[in-house]
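Peer 1: Please see the structure below; I have some questions.
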Amino acid sequence: MTLTLTLADWGSLFLHFISLSLLSVGGAITTAPDIHRYLVDETRWLSETQFTASIALAQGAPGPNVLFVALMGWNVGLNAGGGLAGGWAAISLALWGVFITMAGMLIPSCTLTFVATQWAHRNRDMLAVKAFKAGMAPIVIALLIATGWLLTGSHDNPARDWPLWLVAAATTLLVWKTKTHMLVLLAIGALLGALGWI
Amino acid sequence: MSQIPAAPSGLPMNAPRNKADLFISFTWLALQGFGGVLTVVQRVLVEEKKWLTQEQFVEDWAVAQILPGPNVVNLSLMLGGRFFGLTGALAALAGLLLAPTVLVLSLAAAVAGFAETPLAQGMLRGLGAVAAGLIAAVGIKLVMALDNNPMGRLTCMVLGSLTFVAIGLLRLPLAWVLLTLGPIASVWAAHCLKQRGDA
């Protein structure tokens, strides 16, 4: 996939991610549907396969899941430079794409977080701050459990997916009740998946 | 260091030694985070580093969750900023993002096309199941952190169950759930704090 991006195109890419940043409550992944609409459907700067692979790779590799944004920026830049065959020129464009998308995604939300939490920490004895933290505590704990549930529940074909549920449930029990290292569990999961057993 | 809150119930509290320590610790944390850093953040910051107690982690996580942006990114900014101000926040953020970005881009370049193969898809399926279990386990472990909650255990369980049903079963949008249950819970918590004489 090869395309030409003007300076104005890069500008609009940056502005699009800037505009999504403050909407990403619950994590950058909540903006994925809109990114798909913009990059795949509207501008066609990214192919469907590149979009899906970016999310899959960011989830499989270590690091925060927001790196799917970096991978999409990388692919847009690479497409603009004619793919990996384009050599260093293409790689420079790809890195530029990473910078544009990640800066856009992170600068607004990081600024808000830093300013708001510094304020909250200075005023941590204020009733409103204490009440907010205490009131939200049971909600965010339930959210974590619900996230684990949803990640498993999105595979909702019992006949095919029961081994996945079993692995998720076994992992929950092992982490809760034992000190088994997470990397061991992840390696076992990847191996079972690679063998096609789950 | 005077800003570090004292630990309740005499738990040992550590603090990052300097900004380099923050940077390296967050790099190490991020590189262990297969399937998302959420799976390791509680174990590293609370159980290994002891930079936060279980209760403090839940409080900070609540804030990180409700602000826009990736949760772990928000948490790194909060912790770094609390210990060392703006440069501390940037050091923690850089630690969280730098090495994993280099790694994931190298992977993308090296294995172009691999992610679509059945083998890779199978591995991701397996990793995803384990990651789901890890995240649920973190949530279950943190339920203990509610013991000292001013609202009391029963109210906490009701709020938690409502949240789980809304998000996990009814699949309502996160923003709606946070914007309805959040204010109700906070107002009730304020009432309870006043009753307890904490205000």
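Read-outs: derived from the displayed coordinates by stated rules, not from any lab. As the structure is a prediction and not an experimental result, all values here were calculated from the model. All Cβ positions, even for glycine, are placed from backbone atoms using ideal geometry, and neighbour counts span all protein chains on display.
Peer 1: Restricting attention to segment A:76-91, report how many residues are assigned to a helix (DSSP H, G or I), within 13 Å of another protein chain (Cβ to nearest Cβ) and under 20 Å from A:G11 (Cβ atoms).
Peer 2: Here is the first cut: in segment A:76-91, the residues assigned to a helix (DSSP H, G or I) are A:76-80, A:84-91.
Now drop any that are not within 13 Å of another protein chain (Cβ to nearest Cβ), which leaves A:76-79, A:84-88, A:90-91.
Still in the running and under 20 Å from A:G11 (Cβ atoms): A:76-79.
So the count comes out to 4.
Peer 1: What tally of residues in segment B:67-85 results from selecting those that are at the interface with chain A (Cβ under 7 Å from one of its Cβ atoms), out of contact with any His (no Cβ under 9 Å at 6 or more places or on another chain) and part of a helix (DSSP H, G or I)?
Peer 2: Residues of segment B:67-85 at the interface with chain A (Cβ under 7 Å from one of its Cβ atoms): B:67-74, B:77-78, B:81-82.
If we keep only those that are out of contact with any His (no Cβ under 9 Å at 6 or more places or on another chain) too, we end up with B:67-74, B:77.
Cutting the leftovers down to part of a helix (DSSP H, G or I) gives us B:71-74, B:77.
Matching residues across segment B:67-85 total 5.
Peer 1: A follow-up question, please. Kindly evaluate B:L77 against the criterion of being in contact with a Cys (Cβ under 8 Å, 6 or more places away or on another chain) and without any contact (Cβ under 8 Å) to a residue 60 or more places away in the chain. Spell out the reasoning first.
Peer 2: Values: in contact with a Cys (Cβ under 8 Å, 6 or more places away or on another chain): yes; without any contact (Cβ under 8 Å) to a residue 60 or more places away in the chain: yes.
Here the answer is yes, as B:L77 does meet what is asked.
Peer 1: Which residues, taken from segment B:139-170, are in contact with a Phe, Trp or Tyr (Cβ under 7 Å, 6 or more places away or on another chain) and without any contact (Cβ under 8 Å) to a residue 24 or more places away in the chain?
Peer 2: Answer for segment B:139-170, where residues must be in contact with a Phe, Trp or Tyr (Cβ under 7 Å, 6 or more places away or on another chain) and without any contact (Cβ under 8 Å) to a residue 24 or more places away in the chain: B:I140, B:G168.
Peer 1: Which one of B:A136, B:A109, B:A131, B:A89 is without any contact (Cβ under 8 Å) to a residue 12 or more places away in the chain, facing another protein chain (nearest Cβ under 7 Å) and crowded, with 22+ Cβ neighbours inside 10 Å?
Peer 2: B:A136
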